[in-house]
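A short write-up of the structure that comes next.
The values are calculated or read from the model by the stated rules, or taken from the named source; none is laboratory data. Being a predicted model, the structure only gives us computed values, none of them experimental. Here the Cβ is made from the backbone with ideal geometry for all residues, glycine too, and neighbour counts use every protein chain on show. With ligands, DNA and RNA removed, areas are computed over all heavy atoms of the protein, side chains included. Shrake-Rupley method; radii C 1.70, N 1.55, O 1.52, S 1.80 Å.
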Amino acid sequence: MSTVIDQAVQARLIASTPPTRTVRARLRYASADPFAVHIVFPPAASLDGSEVSWTFARELLARGLLTPSGTGDVRVWPCGPQRTVLELHAAEGVAMVQIDTAELRGFLAGSYAVVPAGSEGVHLDVEGDVAALLAP
């Protein structure tokens, strides 16, 4: 049985135009996918009016609270003592989002209470995943 953490956060979208604005985003973590975290932005935050979801490593988020981290589509770094920046790269461009660091720390603490760091492999269902891939 998978445990899911779903936490609302205030995400400040950093933009030159239109002006910076705040939206309610959701952070998600599921023990069935123990290495990943998800952030979901509402349709109002996207260019095309669709909900947008990003998935990246839980470890990247944890490291990014302390020091600039990431070299791919998702980069995370501290922005002073109270905010953390997520930089999201897509074909359409780059989005920068600031989130309260305390909210991110609380979310991560909850995820580590469900799946402690280093024990992620125990929560994987490799046999089930392979069976699903091979099923006709």
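Just checking, how many residues over region 1-35 are touching a Phe, Trp or Tyr at 6+ places or on another chain (Cβ under 7 Å) and free of Cβ contacts under 8 Å to residues at least 24 places away in the same chain? Going through region 1-35 one residue at a time, the tally reaches 1. When the residues of region 48-70 are filtered to those that are open to solvent by 50 Å² or more (accessible area, probe 1.4 Å) and among the charged types (D, E, K, R), the one that is nearest to the chain's Cα centre (by Cα) is 59. The residue that is farthest from the chain's Cα centre (by Cα), counting only those in region 32-47 that are surrounded by fewer than 18 Cβ atoms within 10 Å (Cβ to Cβ) and more than 19 Å from residue 89 (Cα to Cα), is 32.
Give, as residue ranges, the strands (runs of 3 or more DSSP E) completely inside region 71-110 that count at least 3 residues that are without any contact (Cβ under 8 Å) to a residue 24 or more places away in the chain, of a type in the set (Asp, Glu) and crowded, with 18+ Cβ neighbours inside 10 Å. If you could, list the steps in order and put the result at the bottom.
Numbers: elements: 74-79, 83-90, 93-100.
It comes to none.
Checking 64, 70 one by one, the residue that is on the phi > 0 side of the Ramachandran plot and of a type in the set (Gly, Ala, Ser) is 70 and no other. Per the conditions (1) out of contact with any helix residue (DSSP H, G or I) (no Cβ under 7 Å at 6 or more places or on another chain); (2) of a type in the set (D, E, K, R); (3) closer than 16 Å to residue 11 by Cα, the sole criterion not satisfied by residue 63 is (3).
Please count how many residues of region 1-31 are within 23 Å of residue 79 (Cβ to Cβ), open to solvent by 70 Å² or more (accessible area, probe 1.4 Å) and part of a loop (DSSP other than H, G, I, E, B).
Step one: filter region 1-31 for residues within 23 Å of residue 79 (Cβ to Cβ), giving 7-29.
Pick out the ones that are also open to solvent by 70 Å² or more (accessible area, probe 1.4 Å) and you get 10, 12, 16-19, 21-22, 24, 26, 28.
Filter again for part of a loop (DSSP other than H, G, I, E, B), leaving 16-19.
Result for region 1-31: 4.
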